[in-house]
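Chemist: Structure provided below as structure tokens; questions to follow.
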Amino acid sequence: MEAFAVLLSVGATVFTWLFFSLFIAFLAYCFYIKYIHMKYDHIPGPPRNSFFLGHSPTFVTIMKNDGIVHNRFLEWAETYGPVYRMNILHYIILVVTCPEATKEILMSPKYPKDRFLYKRLFNLFGQRFIGTGLVTAIDHETWYKQRRIMDPAFNTLYLRGLMGTFNERAEKLMDKLSELADSNKEANMLQLVNCVTLDVIAKVAFGMELDLLKNTSPFPKAIEICLKGMVHYVRDVMYEYNPRNRTFVNEVRDACRLLRTTGAQLIQKRKIAMQNGEDVPKDILTQIIKTAATEETMTEEDEEFMLDNFVTFFIAGQETTANQLAFCIMELGRHPDILEKAKKEVDDVIGMKQEISNDDLGKLIYLSQVLKETLRIYPTAPGTSRDIEEDMTIDGVRIPAGVNCMFSSYTTGRMEKFFKDPLTFDPDRFHPDAPKPYYCYYPFALGPRSCLGLNFAQMEAKVVMAKLLQRFDFNLVAGQTFDVKDTGTLRPKSGVICTIKHRKYKN
Ligand code: HEM
């Protein structure tokens, strides 16, 4: 009995101390948040929703209502100016639309990628996702080592060699559209172009034959689930702890695992072929293997690192291009005059030819303008962010070190200040003689960490669009929305449903 009393008293003391320590820690954290507020509150910004959570309740509400956070960034940029502040717990995020600061920060290797965001993408809900691959590598050395090795798979000469695959895969889409035209069925263009871009990246990057317009595959779904999971994981830290989300969280983990195990099998097969001295393509897979250590010194971490890049290319190299194509088709469907002009150019440059050459792409100048204008209003990868580790001044505002700067091409692309009548789709803004936008248009980011796949993506997009315009008339089915869906990347909410007809050629 006495022993029990002693135990009870020890327990009560421990509990009291624990409670007291937690209370002190909480109080200290509150003081720290207060200190952060005092340090940064001179930077303009919207009122906080709460002392503790800062502005994050606003974003959670927008996400719950299926809205676009970038619209709020735009609204606040119009109200609070070229640099404004947002708070989340003790973190400070600045949204920068000032072109000079955009130039200074994005063009310099001095400003690393934002640790909070990119480190978080290392895994999704505990399952390794894109780890420290090209997109998420933060430290300059780690990134540069990979980028140097990957560059040859994206040089102009190598990309020219991919024209055959771009043509061949786009031709499969034309066959599918032909079937739909013959049977008078509607086409979900987003879904169809997604199949093409996934087919292309799987084939040219990893030597995989998916043929998604004919076969079913778990990959499209897995990629979609990963992207959706990514948004919840990054924007809502409490998401995974809500029991209602458990099923989806497990689906995300399974989807990551599927991508990584597929990568592991392909890498293993390619490594054996390389060891046997077989002639292997100089594709992305081969370059990924080269980014890791030599076989003798290969550690488990090196293997994981290769998988990080496998998943990175699967994710980065597909969906953004598909969404750009779908938005482009949507805007052409809404603007018959622009559509006619683009068709005429395709007729003049390509005529009835089936195989489009790299030289042809160079002559499709108006189509390039259309694709650029599409990414102005709909930058499918809407932004990037950097850590500021030294004090600086942006547009006359003193910025103490320790903040994170976000750059949203969606925001700047829709500001009247930079583009007159910003919501009007006008490809002539990108006419070769028009003045170039000054650090307010960067759908592929800028500087050393800009998109490695820019030329790849735009060659692929042009081949698909040129063939579509050459062969078919399409009309948007009435009643669908032209809204944007924010899934981390941006995509057309409606799916861009069209009726398709074979084009009739005038003699
Ligand atoms: C319309 C299509 C595309 C758009 C709009 C786009 C946009 C972007 C953006 C904005 C970034 C910077 C991301 C960040 O800072 O977080 C990026 C990075 C990257 N993209 Fe793309 N991308 C596209 C297509 C592609 C394709 C087709 C590939 C590969 C085949 C690719 C591979 C990459 C890679 C590897 C990076 C990381 C580059 C580095 O940090 O060195 N992208 N892309």
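Chemist: Average the reciprocal distances over every distinct pair of alpha-carbons in the chain, invert the result, and give the Kirkwood radius in Å.
Modeler: Result for the chain, one decimal place: 24.9 Å.
Chemist: May I pose another question? Rank-order 236-246, 354-364 by packing density, defined as the average count of other C-beta atoms within 10 Å over each peptide's residues, highest first.
Modeler: 354-364, 236-246
Chemist: Kindly rank 253-263, 179-189 from highest to lowest mean number of other beta carbons found within 10 Å of each residue.
Modeler: 253-263, 179-189
Chemist: Which loop-located GluC sites (Glu not before Pro) does the range 368-397 contain, where loop means any DSSP state but H, G, I, E or B and the Cβ has at most 14 other Cβ atoms within 10 Å?
Modeler: For GluC sites (Glu not before Pro) across the range 368-397 that sit outside H, G, I, E and B with at most 14 neighbouring Cβ atoms in 10 Å, the list reads Glu389, Glu390.
Chemist: Given 25 °C and 0.890 mPa s, compute D for the range 138-181 with the Stokes-Einstein relation, Rh being the Kirkwood radius over Cα pairs; round to the nearest whole µm²/s.
Modeler: 187
Chemist: I need the P(r) histogram for the range 62-167: all alpha carbon pairs, bin width 10 Å from 0 out to the longest distance, whole percents.
Modeler: In order of increasing distance, the bins hold 11, 25, 33, 24, 6, 0 percent.
Chemist: For Lys493, go through the aspartates and glutamates and keep the ones whose alpha-carbon is under 12 Å away, minus same-chain ones fewer than eight residues off.
Modeler: Excluding near neighbours in sequence, the set is Asp66, Asp483.
Chemist: Within the range 454-495, report the chymotrypsin sites (Phe, Trp or Tyr not before Pro) that DSSP leaves as loop and that have at most 16 other Cβ atoms within 10 Å.
Modeler: The qualifying sites are Phe482.
Chemist: Note the full-extension length gain between Thr487 and Leu423 as 0.36 nm times their separation in residues minus their Cα-Cα distance, in nm to one decimal.
Modeler: 20.9 nm
Chemist: Another question, then. Using only the alpha-carbon atoms, how far is helix 2-40 inclined from the longest principal axis of the chain? Give it as 0 to 90 degrees, nearest 10.
Modeler: Once rounded, one gets 50 degrees.
Chemist: Return, for the Cα atoms of the range 440-507, the radius of gyration and Dmax in Å, separated by a comma.
Modeler: Computed over the Cα atoms of the range 440-507, radius of gyration and Dmax are 16.3, 50 Å.
Chemist: Tally Lys/Arg at +1 and Asp/Glu at -1 over every other residue whose Cβ is under 14 Å from the Cβ of Lys420; what's the total?
Modeler: -1
Chemist: Quick one: angle between helix 319-334 and the longest Cα principal axis of the chain, in degrees between 0 and 90, rounded to 10, please.
Modeler: So the inclination is approximately 60 degrees.
Chemist: Rg(Cα) of the range 224-338 divided by 2.2 N^0.38 Å?
Modeler: 1.43
Chemist: Let me ask something else about it. Any idea which of Pro82, Ala5, Asn71 is furthest toward the positive side of the dipole for the chain, if Lys and Arg beta-carbons carry +1 and Asp and Glu beta-carbons -1?
Modeler: Of Pro82, Ala5, Asn71, it is Asn71.
Chemist: What does the helix-only formula give at 222 nm for the chain: each DSSP H stretch with n ≥ 4 adding -39500 (n - 2.57), the total divided by the residues, and the result rounded to the nearest 500 deg cm²/dmol?
Modeler: Computed ellipticity for the chain at 222 nm equals -17500 deg cm²/dmol.
Chemist: Based only on other Cβ atoms within 10 Å, what is the fewest-to-most ordering of Arg48, Arg128?
Modeler: Lowest to highest Cβ neighbour count: Arg128, Arg48.
Chemist: All other residues with a Cβ under 9 Å from the Cβ of Val484 taken together, and with Lys, Arg as +1 and Asp, Glu as -1, what is their net charge?
Modeler: In short, +1.
Chemist: Quick check: Cα centre of the range 448-482 to Cα centre of the range 140-192, how many Å?
Modeler: Comparing the Cα centres of the range 448-482 and the range 140-192, I get a distance of 10 Å.
Coordinate-derived values only; no laboratory data. The structure displayed is predicted, hence computed values, not measured ones. Heads up, the Cβs are rebuilt from the backbone with ideal geometry, glycines too, and the neighbour counts pull from every protein chain shown.
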